[in-house]
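Just so you know, all these numbers are worked out from the coordinates, no wet-lab data involved. None of these values were measured; they are calculated from a predicted model. Don't worry about glycine lacking a Cβ; one is built from the backbone with ideal geometry, like all the others, and counts go over all protein chains shown.
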Amino acid sequence: MQEILNVVESKKGHDAGRLYLIIRIEGEFAFVCDGKYRLLSKPKKKRLTHLRDTHLKFSQKKLQDLQDFEIKTFLKNISHKE
């Protein structure tokens, strides 16, 4: 089950395989960002069914204190470990 600040992988679309951080959920849609192409100020709207949960959570900060470079660095470090 996806929750806010969970790390997810896109399963569908031109961005398939890309890691994102969920910053908002509305109904069957999640708003995700990666800190590089999709910023906190302009998140991507994706269907929850098009996202795979990685069972990782960004828990260092509260959502309102989060910055794009922190998300970018966090997701970059995760992708290098996998």
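Tabulated data for the structure shown
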{"read-out": "Whole-Hz couplings from phi, Karplus 6.51/-1.76/1.60, listed for segment 3-13; x for Gly and Pro", "value": "9, 4, 6, 7, 8, 10, 10, 6, 9, 10, x"}
{"read-out": "Order by protection proxy (mean Cβ within 10 Å, highest first), peptides 31-40, 10-19", "value": "31-40, 10-19"}
{"read-out": "Low-density loop positions, GluC sites (Glu not before Pro), segment 6-37 - DSSP coil, at most 11 other Cβ in 10 Å", "value": "28"}
{"read-out": "Computed over the chain, the ratio Rg/Rh where both radii use C-alpha atoms and Rh is Kirkwood", "value": "0.91"}
{"read-out": "Amide proton proximity set for residue 5, modelled H, under 5 Å, gap of 5+", "value": "22, 23"}
{"read-out": "Net charge dipole size for the chain [Lys, Arg +1 and Asp, Glu -1 on Cβ; Debye, nearest 20]", "value": "220"}
{"read-out": "Placed amide H near residue 51: partners under 5 Å, 5+ positions off or other chain", "value": "11"}
